[in-house]
Each structure stands twice: as C-alpha cells, then as structure tokens.
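Participant: Dumping the structure here so I can ask a few things about it.
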Amino acid sequence: MQITLGELASQLGLKLIGDADQPVTGLNTLKDAQAGEVSFLANPSYQSQLSESRASAVIVSEDLADQVAGSALVAVNPYLSFAQASQLFNDRPKVTTGIHPTAVVAETATVAADASVAANAVIGEYCQIGAGSEIGAGAVIGDHCIIGDHCQINPNVTLYHNVVFGDRVTVHSGTVIGADGFGFAPDKGKWHKICQLGGVRIGSDVEIGSNVSIDRGALGDTVIEDDVIIDNLVQVAHNVRIGQGSALAGNAGIAGSTTIGKYCTIAGGVGISGHLDIADGVHIAAMSLISKSITEKGAYASGTAQMPMNEWRRSATRFRQLDSMAKRLQQLEKARKGEV
C-alpha cells in the first residue's frame, strides 16, 4: 500500500506538520524506520531516538512535534493513532469467498454466501456461519455452533459443539474452545468423570490468541463478554466468566467458576483459583497467585520482586524462620509485660 502523508493524516484525523505529498508505504520503529515509512513515539523511554530517526513522519504528541527530524503527525494519543494506522497498512492476504472443494460442510449447516471456508475445514451439523466470516484451513467447527458476522477463525482452530460467537471475533491458530472442563469426582482411589453439559458463549469484538484453551461449562456456560482480548497460551476453565473489556496476557490461568469483572487486566503468568469473584477495574501484576476474591478496584500483586540470587536465598531462609521469630517475639513481649 502507498498513501501520501496528507491522505494518512486525513484518514487518522491528525494534524500534519510537513510535506502532505510525501508518499509512505508502511510503519516501523523509530530505530529501524527508513525513508517512506511512518513511526510513532508513545513511550518516553524512546524519546532519545526521535531526532535521529530516518522515518519520513512520526506520530507524536504536540509537545514533541518540534523534535521530529521529518514530518510530524500530531496526535492526542499517539499509541492509539499508531494502532489505527496499522489497520490501514495491514498486509494480511485476502481470502476467497466461498467453500473450498475439500471442505466438509454438513447438509444441515448454513453458510452465508459471502463467507469463506478454506481447504480441509469441517463444519458440523446445524452450524451457522455469518456474513463475511472466515473459516481457515483445517479448522473444525463442531455441531450446533453459531459464528456471527465478520469473524475470523484461523487455520487449525477447533470448536467443540455448542459454541456461540458474536460478531467480529478473531481466533488464532491452535486454539481449542469448548473442550471438557476438568471435572472428576473421587471415590475409593478412582476418578469418575463429570460430563460437561454446558457450552461456551463469546461476545462481539473479542480477540483470542493462539493455543488458548477455553473449556465448556459443566452446568451452564463459560462466558466471554464483549471487547475482551486474550493472549496466547491462556487457560480458561469451565464456567469462568470474563467481563467486558478485560485483557488477559500470556500464560495466565483461571480455575473453574471464577468471575473476572469488567475492564480488568490480568498480566502474564497469573494464576487465579476457582470460585472467586474479581471486581471491575482490577489489575493483577505478572506471576501473581490470587487465592481469594478481590472486592475493590485497584492493583494487586503477590510473590517476591526480582533480586540478586544470594539476596533471594537469604530472604527465603528468613521467610521460613518467620513463624519461630514471631513466637519468640511474643514470648519477649509477655516477659517484658511481666517485668512492668
């Protein structure tokens, strides 16, 4: 794609300081950008690279516009404007409308005329595939699934039966939605499987990364509300509910029947125990273990911060000694009171 800076500024609603006729062909970082490319500055840590960048234009806040060597695209929120620009330059290959000859589509399934079903995909009984949606190569859509309009199911995604999507849902390769939750009843050294009788309901404008597992409900459904984003390698157990606008980073794991509120951010490697309630607007720092409900908005963390190994070892030793130290302190306090 090639576009002039004037056209780019107009489409993004930005103020241009510079040559409106300058053609640009893509985006790049401040450090790596060359002539003909657009960059951005959203993190102050990279401000030192601004004056030396070879980018033809940089998306910046107004207070930094005079530091740009080339043209400046002035934005209230440079990171948001960069995201919008990336959509204009998206080079994802276009798909072909229609059903590939090697795809297997059940006679009872309904596929919109302008949808795309790629090679070796499987569409099960009584499925509905909405307008403009894409089913990638090798994807499997189980029986009684509903895929809304303009969804993007990438290659080798698997949906078990009774999974429902809203509109504009994107799911990346390797993800499995609707597998059985981890439900077993113990008896005399044996495990008896609890059949998972619910489904999965996913709202609109949701993006799910690669190799994510979202289990079906045991009774009732696992629910992902609108505008949720889920990174790669996340585990969502049965009957979890994730509120609107929340974000989960890679390797997070949520145990069964926990509810995540709206507009929460769950950082990488977080583990959340089952049957908990997390309030709206909660941020949980990376590698935290959440073992009880959080009832108030705010930021939460657990574990120890990074430190040199020798210091960590001393701290770990002292941690093991805390109980005996507390008991000795109590004894000293009692002895002191006895002296008074």
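The values are calculated or read from the model by the stated rules, or taken from the named source; none is laboratory data. From a predicted model like this one, the values you see are computed outputs, not experimental measurements. Here Cβ is always computed from backbone atoms with ideal geometry, including for glycine, and neighbour counts include all displayed protein chains.
Participant: If the requirement is being more than 27 Å from the chain's Cα centre (by Cα) and under 19 Å from Cys145 (Cα atoms), which of these qualifies: Thr108, Thr97?
Facilitator: Thr108
Participant: Determine if segment 89-96 includes at least one residue that is surrounded by 14 or more Cβ atoms within 10 Å (Cβ to Cβ), under 30 Å from Thr4 (Cα atoms) and of a type outside the set (Val, Ile, Thr).
Facilitator: Among the residues of segment 89-96, at least one is surrounded by 14 or more Cβ atoms within 10 Å (Cβ to Cβ), under 30 Å from Thr4 (Cα atoms) and of a type outside the set (Val, Ile, Thr), which makes the answer yes.
Participant: Given the options Gly6, Gly36, Gly18, name the one that is over 17 Å from Leu80 (Cβ atoms), touching a residue at least 40 places away in the same chain (Cβ under 8 Å) and surrounded by 13 or more Cβ atoms within 10 Å (Cβ to Cβ).
Facilitator: Going through Gly6, Gly36, Gly18 in turn, just one is over 17 Å from Leu80 (Cβ atoms), touching a residue at least 40 places away in the same chain (Cβ under 8 Å) and surrounded by 13 or more Cβ atoms within 10 Å (Cβ to Cβ): Gly18.
Participant: Continuing with the same structure: Can you name every residue in segment 155-170 that is surrounded by fewer than 21 Cβ atoms within 10 Å (Cβ to Cβ), assigned to a loop (DSSP other than H, G, I, E, B) and without any contact (Cβ under 8 Å) to a residue 24 or more places away in the chain?
Facilitator: The one that is surrounded by fewer than 21 Cβ atoms within 10 Å (Cβ to Cβ), assigned to a loop (DSSP other than H, G, I, E, B) and without any contact (Cβ under 8 Å) to a residue 24 or more places away in the chain: Asn156.
Here is a yes/no grid of residues against (1) in contact (Cβ under 8 Å) with a residue 24 or more places away in the chain; (2) farther than 30 Å from Val117 by Cα:
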residue	(1), (2)
Met1	yes, no
Glu52	no, yes
Ile59	yes, yes
Leu88	yes, no
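Participant: In a strand (DSSP E or B), at pLDDT 95 or above, surrounded by 15 or more Cβ atoms within 10 Å (Cβ to Cβ) and in contact with a strand residue (DSSP E or B) (Cβ under 7 Å, 6 or more places away or on another chain) - does that describe any residue in segment 41-56?
Facilitator: no
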